[in-house]
Amino acid sequence: MLHDFQLAQKRIRLWQRIGESYEHVLMKALGFTLFIKEYPTLEIEMKVGLRYKPDLVARGDADNFLFWGEAGANSIRKTAWL
């Protein structure tokens with residue numbers, strides 16, 4: 001299901017995937033709203049070429065992450081990897 005949000009004066013469209021809760025979609029939207037001023041390059045669910053894909057990410061240089069955000073719970077394995 002596609003959700004439209006008006007966040008930080010931008011139209012943001014987020015897909016709710018099968019098995020994903022609406023609350024998770026809302027947490028990504030809220031995280032974007034909270035951090036977009038501090039990280040203007042913030043993006044939602046962008047592939048970064050690594051094992052895991054962040055819910056929110058802002059990059060500096062090609063290999064430099066300024067911000068990596070996870071919305072909700074994640075596994076111990078993922079936390080250790082991060």
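The numbers here are math on the coordinates, done by the rules we state, and not lab data. Treat the numbers as computed from the prediction; the structure is a model and nothing was measured. All Cβ positions, even for glycine, are placed from backbone atoms using ideal geometry, and neighbour counts span all protein chains on display.
In percent, what relative contact order does the chain have, based on Cα pairs under 8 Å that are 6 or more apart in sequence? Show your work: numbers first, answer last.
Working: 102 pairs, mean separation 15.4, N = 82.
It comes to 19 percent, rounded to a whole number.
Can you show me the helix-derived [θ] at 222 nm for the chain, built from DSSP H runs with n ≥ 4 at -39,500 (n - 2.57) apiece and divided by the number of residues, rounded to the nearest 500. Walk me through the numbers before you get to the answer.
Working: 2 runs with 20 residues, N = 82.
When only DSSP H runs of four or more count, the value is -7000 deg cm²/dmol.
If you stretched the chain out fully between Val48 and Ala80, how much longer would it get, using 0.36 nm times the residue separation minus the C-alpha to C-alpha distance?
On the way: separation 32, 0.36 × 32 = 11.52 nm, distance 1.78 nm.
That pair, Val48 and Ala80, stretches by 9.7 nm at full extension.
Where Lys and Arg each count +1 and Asp and Glu each count -1, what net charge lies around Pro40 among other residues with Cβ under 13 Å from its Cβ?
Working: positive: Lys10, Lys37, Arg59; negative: Glu38, Glu43.
With Lys, Arg at +1 and Asp, Glu at -1, the neighbours total +1.
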Open item on the list: Averaged across orientations, what area in nm² does the convex hull of the alpha carbons in the chain project?
Closed with: 5.7
